[in-house]
Each structure stands twice: as structure tokens, then as C-alpha cells.
1. Quick test for you: out of 60, 84, 50, pick the one residue that is within 23 Å of residue 101 (Cα to Cα), surrounded by 14 or more Cβ atoms within 10 Å (Cβ to Cβ) and among the β-branched types (Val, Ile, Thr).
2. Search segment 118-146 for residues being modelled with pLDDT under 80, of a type in the set (A, V, I, L, M, F, W, C) and assigned to a strand (DSSP E or B), and hand back the single one that is nearest to residue 37 (Cα to Cα).
3. I need the full set of residues from segment 59-76 which are in a strand (DSSP E or B) and more than 14 Å from residue 15 (Cβ to Cβ), in order please.
4. Mind checking which residues of segment 77-92 are of a type outside the set (Val, Ile, Thr) and either over 22 Å from residue 21 (Cβ atoms) or part of a strand (DSSP E or B) (or both)?
5. With the structure loaded, tell me whether residue 92 is over 14 Å from the mean Cα position of the chain (by Cα), modelled with pLDDT under 85 and small (Gly, Ala, Ser) or whether it fails that test.
6. Mind checking which residues of segment 93-117 are over 18 Å from residue 55 (Cα atoms), touching a residue at least 40 places away in the same chain (Cβ under 8 Å) and assigned to a strand (DSSP E or B)?
7. Say we look at segment 4-21 and pick out the residues that are farther than 19 Å from residue 63 by Cα and touching a helix residue (DSSP H, G or I) at 6+ places or on another chain (Cβ under 8 Å); which of these is modelled with the highest pLDDT?
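The values are calculated or read from the model by the stated rules, or taken from the named source; none is laboratory data. This is a predicted model, so every value here is computed, not measured. Cβ: placed from backbone, ideal geometry, glycine included. Neighbour counts: every protein chain shown.
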Amino acid sequence: MAWSKGTAFAVTEDGWLMTAYHVLADSQGAALLEFDSTGKEILTPVHNVIIDSNNDFALIKVDKKMTPVELFEGFYPVKSGTEIGFMGFPKGETSIFTHDGIVSRVTEKNGNPNYNLHSFVNRGQSGGPVFVPETGKVIGFVSARFKASELPQRVLVSTSITDDPLMKILLELKKGQDEIYNVLSEELSQSSQMGVGVVIAINKPAISQVISGYNKDNK
């Protein structure tokens with residue numbers, strides 16, 4: 001069976017969890033995968049799903065009591081340089097990995113803030129919670145990462161442009177610099193730890209409103 005794996009975290013005590021929509025996008029069904037103290041797999045079926053593909057988030061429901069994260073009542077005032085932490089299960093690992101980093105850029109999508117994360121983001125950590133280290137409160141979740149291979153490659157410049165000796169030296173130096181850049185980009189794209197993360201902001205009122213609307217429509 002082919003699995004699309006990501007990370008999810010509880011937002012309510014009665015079993016609603018949040019993850020990234022693209023983790024579920026191509027699946028025919030979903031289950032919450034956990035591990036006990038011996039590493040044994042525990043699978044709990046997902047029976048309700050709320051998706052928002054435009055904002056890449058999904059809420060999934062399991063019949064299980066959970067310990068939810070603490071969310072902010074409003075959007076946390078994030079700016080460039082804000083320190084954050086995030087968690088996730090990279091590459092299908094059974095142990096959670098915790099990372100830290102900073103917000104490098106704040107953007108807006110559909111009226112909500114999004115953040116670019118300057119830190120290593122691994123495949124499989126999509127949907128993982130992003131939090132403020134001082135309080136542990138969650139401000140959003142990891143939505144995507146950009147690998148080195150997806151960044152624009154520099155074009156090597158030929159020294160035939162000019163016969164000027166000084167220009168030849170400068171162009172040779174640039175050629176060497178760009179060759180190193182291209183080799184590093186190719187190598188780093190093979191690494192599991194490479195990427196600039198994209199974080200979708202969430203808060204408690206927004207999540208409560210979505211769940212309340214879903215419950216009302218499905219009574």
C-alpha cells in the first residue's frame with residue numbers, strides 16, 4: 001500500500017486534528033498512525049474530514065480523546081526575525097523531530113498571514129505545528145518546503161564576451177562561483193534536510209468556527 005505521510009496535531013480534546021491538505025490530497029482513505037513505547041503501530045481510522053485546498057489545511061476527526069495544543073486567541077504578531085520552533089515526523093520516522101528557526105518573511109494569502117521559515121524542513125513534516133518557544137503556543141503549521149533544485153539556477157557566462165584581460169579574470173571568477181553554486185544546489189536537493197518552509201497561520205477562533213460550521217451542516 002502506498003502511503004502519503006505527514007504530521008498532524010490535536011486541536012480539540014474530542015479528536016479533531018489538523019494537518020496540511022496536500023498530505024491527504026491523493027489518498028483514498030486516511031488513518032492516524034501512532035506508536036506505543038515499544039514502537040508498535042497504532043492505527044485509528046479517520047471518519048470526518050474538513051478540507052480547504054486554497055489554504056492547504058485539513059481537519060480530521062478520530063474517535064479518540066486527545067491532548068490538544070494551545071492556540072492563540074488571535075494571530076500572533078509575527079515579523080521577520082521572530083524565533084519559532086516546529087515539530088514533525090520526517091521520512092516516516094517513528095520519533096518526532098523538533099527544530100528551531102526564524103521567520104524570514106511575512107506574506108498574506110486570502111487575508112491571512114503566511115510565513116517563510118528560515119530553517120531545515122524535512123519531507124514528512126508537512127502539517128506539523130509551528131510554535132512560539134517561550135510559551136509553546138501554536139501559531140500555524142508547516143505547509144511546504146522549497147528544495148535547492150527548485151531554486152533558479154545561474155547561467156554560466158562565457159569569457160568570449162570580451163578580450164579585456166581584467167574582464168576575463170572577473171568572468172572566470174564568476175564562472176567558478178556559479179559552477180560551485182550549481183553543484184551545491186544539485187547535491188543539496190538530494191538531502192532530506194533542505195528547504196525553506198512555508199507556514200500557514202491559524203488561531204483558536206478560526207479553528208472553532210470551521211468545526212462549529214461543519215457540525216451544524218452535518219447534524
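1. On the way: 60 fails: within 23 Å of residue 101 (Cα to Cα); 50 fails: within 23 Å of residue 101 (Cα to Cα).
The match here is 84.
2. Step by step, filter segment 118-146, then rank; the result is 144.
3. Here is the first cut: in segment 59-76, the residues in a strand (DSSP E or B) are 59-61, 71.
Of everything in segment 59-76, just one residue is in a strand (DSSP E or B) and more than 14 Å from residue 15 (Cβ to Cβ), namely 71.
4. Of the residues in segment 77-92, the ones of a type outside the set (Val, Ile, Thr) are 77, 79-81, 83, 85-92.
Those that are of a type outside the set (Val, Ile, Thr) and either over 22 Å from residue 21 (Cβ atoms) or part of a strand (DSSP E or B) (or both): 77, 79, 80, 81, 83, 85, 86, 87, 88.
5. On the way: over 14 Å from the mean Cα position of the chain (by Cα): yes; modelled with pLDDT under 85: yes; small (Gly, Ala, Ser): yes.
Yes: the conditions hold for residue 92.
6. Result: 101, 103, 104.
7. Taking segment 4-21 first, the residues farther than 19 Å from residue 63 by Cα are 4-6, 20-21.
When the remaining residues are screened for being touching a helix residue (DSSP H, G or I) at 6+ places or on another chain (Cβ under 8 Å), the result is 4-6.
Working: 4: 58, 5: 78, 6: 86.
Ranking the qualifying residues of segment 4-21, first place goes to 6.
Results for (1) under 16 Å from the mean Cα position of the chain (by Cα); (2) of a type in the set (Val, Ile, Thr); (3) modelled with pLDDT under 90, shown as yes or no for each residue.
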| residue | (1), (2), (3) |
| --- | --- |
| 23 | yes, yes, yes |
| 30 | no, no, yes |
| 43 | no, no, yes |
| 54 | yes, no, yes |
| 64 | no, no, no |
| 78 | no, yes, yes |
| 81 | no, no, yes |
